[in-house]
Amino acid sequence: MTAAIRLNRRGSWLTASMIRPVVLLDGRPVVTSFGSTVLPVAPGSHRLDVREGTLVNGGFVSLLVAVAPGRLVDVEYAPSRWSGRRGRLGFGGQERPDRTGATVSYVLAAAFLGVPVIAVALWGLVSLLAR
């Protein structure tokens, strides 16, 4: 009887790395994609190692998965929002790490980009009203 591990990867190529993650099942590389990937395995204990496929290696996160005959075990990988940082791997819903840092950097980027745009818009409005 066969068994399987379903690896669910949070995010998409817009919200995570465009490079496919590196996934090792019992030390052997397996091909995965965004969303869910079903990995057929023999019943027993298996080691799953995942790291985001970015240029900066943040290291692998690992999980031992026990699979009973004929069963499907759901495992979720949540990549980090930052390149070079480790994601989270586990059973059930995994939150993506580094939410606070990402939010702060997005707000700062919006402020630095938004202030010049608003200044130019106001300058244009003032020059129109001055005519």
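The values are calculated or read from the model by the stated rules, or taken from the named source; none is laboratory data. Here the structure is a predicted model, which means the values were calculated and not measured. All Cβ positions, even for glycine, are placed from backbone atoms using ideal geometry, and neighbour counts span all protein chains on display.
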Say we look at the stretch 1-25 and pick out the residues that are loosely packed, with under 13 Cβ neighbours inside 10 Å and over 13 Å from the mean Cα position of the chain (by Cα); which of these is modelled with the highest pLDDT? T2
Any residue in the stretch 28-52 that is at pLDDT below 90 sitting within a Cβ distance under 6 Å of a residue that is loosely packed, with under 11 Cβ neighbours inside 10 Å? List the pairs, counting only those 6 or more apart or interchain. F34/S12
Could you tell me whether any residue of the stretch 84-95 is modelled with pLDDT of 65 or more, of a type in the set (G, A, S) and buried (at least 17 other Cβ atoms within 10 Å of the Cβ)? yes
